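S.K.: This is the structure, below, for whatever I ask next.
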Amino acid sequence: MINEQQTHRHVVTSYQDAPTRTIAAGGVNFAYRELGPKTGVPVIFLTHLAAVLDNWDPRVVDGIAADHPVITFDNRGVGASTGSTPDTIQAMAKDAVTFIRALGPGQVDLLGFSMGGMIAQVIAQDEPQLIRKLILAGTGPAGGEGIKNVTRISHLDTIRGLLTFQDPKQFLFFTRTPNGRQAGREFLARLKERTQNRDKAISLRSYAAQLKAIHRWGLEQPADLSVIHQPVLVANGESDKMVPTKNSADLARRLPDSDLVTYPDAGHGGIFQFHAQFVQKALEFLGQ
């Protein structure tokens, strides 16, 4: 990741200005963006269902990139990345490792949100030497309670969004309280701050493959998370209806070295609603 050529590049400090690059690995051209310092352990962002590069909250990305190199990327077959989207979390984890190894850092930190947090758990189990620290947000363990219902909930709120001319994330990520509604509007506005060179939306075929992968994850037998010895920060809103918050508590309980933070009057997108508090907590955690 941090090679001789890249040290001479201009340091990008804002996700809004980060150029989209590609790197070929494992038969896939992965689209990615990088920003922040040129030295240090990179933080790889692993994204959620249906997300492309433009779905990361710029306040979270910029906040962490103030102190650490940050890299976001499109999963195989999603957005500007080529290939066919896998329908298992395990295959997505292999793709992520392929991408990370192509970039070249010896070790990385992972920030996995929702589906990305599932992918992060598999990477930590399969490639422990590659991972220094983990942040698992709005996610749950294999076989976690209610995860198999993500497809139904996503479909219902997508229809709800169409009927009310609103983005489904307003319903999926945020509570329906006044605070939650306002936080959702502000989050969705932030996602539009980048106006140049935006990513392509996910295809329906890739979306269906990801839904199948999450459904399978929800039906799996629980994994032995005690093998994950890296420090882990677990975060969620207290009222997550996509991946019920009790899964975050379950993760924290089963991971040997974990810290759990939950945000009040917040749902699946708690780290975006409380982005300032989350960034501060994440920076403290990564800097320890």
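S.K.: Might you check whether a residue that is closer than 16 Å to residue 151 by Cα and outside any helix (DSSP H, G or I) occurs anywhere in the range 172-189?
M.R.: The answer is yes, given that some residue of the range 172-189 is closer than 16 Å to residue 151 by Cα and outside any helix (DSSP H, G or I).
S.K.: Okay, next question. Quick check on residue 98: is it of a type in the set (S, T, N, Q) and buried (at least 24 other Cβ atoms within 10 Å of the Cβ)?
M.R.: Against the criterion (of a type in the set (S, T, N, Q) and buried (at least 24 other Cβ atoms within 10 Å of the Cβ)), residue 98 does not qualify.
S.K.: Continuing with the same structure: Would you point out which residue out of 161, 116, 140 is of a type outside the set (D, E, K, R) and assigned to a loop (DSSP other than H, G, I, E, B)?
M.R.: Only one candidate passes the filter, namely 140.
S.K.: While we're on this one: I'd like to verify a number: residues in the range 6-17 that are over 17 Å from residue 106 (Cα atoms) and either modelled with pLDDT under 50 or in contact with a Phe, Trp or Tyr (Cβ under 9 Å, 6 or more places away or on another chain) (or both), how many?
M.R.: Adding up the residues that qualify gives 2.
S.K.: Oh, and also: Go through the range 223-235 and count every residue that is among the small types (Gly, Ala, Ser) and surrounded by fewer than 22 Cβ atoms within 10 Å (Cβ to Cβ).
M.R.: Qualifying residue count, the range 223-235: 2.
S.K.: I would also like to ask the following. Of 64, 23, which residue is outside any loop (DSSP other than H, G, I, E, B), surrounded by 15 or more Cβ atoms within 10 Å (Cβ to Cβ), at negative phi and more than 19 Å from the chain's Cα centre (by Cα)?
M.R.: The conditions single out 23.
S.K.: Going by what's in this entry, would residue 124 be described as small (Gly, Ala, Ser), under 25 Å from residue 100 (Cβ atoms), touching a helix residue (DSSP H, G or I) at 6+ places or on another chain (Cβ under 6 Å) and in contact (Cβ under 8 Å) with a residue 12 or more places away in the chain?
M.R.: no
S.K.: Further question on the same structure: When both residues are 6+ apart or on different chains and their Cβ atoms are under 8 Å apart, which pairs have a first residue that lies in the range 250-264 and is aromatic (Phe, Trp, Tyr), and a second that is part of a helix (DSSP H, G or I)?
M.R.: 263/270; 263/271; 263/273; 263/277; 263/278
The rows are residues; the columns are (1) over 20 Å from residue 190 (Cβ atoms); (2) crowded, with 24+ Cβ neighbours inside 10 Å; (3) among the aliphatic types (A, V, I, L, M); (4) in contact with a Ser or Thr (Cβ under 8 Å, 6 or more places away or on another chain).
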| residue | (1), (2), (3), (4) |
| --- | --- |
| 237 | no, yes, no, yes |
| 241 | yes, no, no, no |
| 244 | yes, no, no, no |
| 253 | yes, no, no, no |
| 264 | yes, no, no, no |
| 270 | no, yes, no, yes |
| 276 | no, no, yes, no |
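S.K.: Kindly list, by first and then second residue, each pair from a residue in the range 4-15 that is of a type in the set (A, V, I, L, M) to a residue that is at pLDDT 50 or above and assigned to a loop (DSSP other than H, G, I, E, B), limited to pairs with Cβ atoms under 9 Å and residues at least 6 apart or on different chains.
M.R.: Partner pairs satisfying both residue conditions: 11/36; 11/37; 11/38; 12/18; 12/19; 12/36.
The values are calculated or read from the model by the stated rules, or taken from the named source; none is laboratory data. Please read these numbers as outputs of a predicted model, since none were measured by experiment. Cβ: placed from backbone, ideal geometry, glycine included. Neighbour counts: every protein chain shown.
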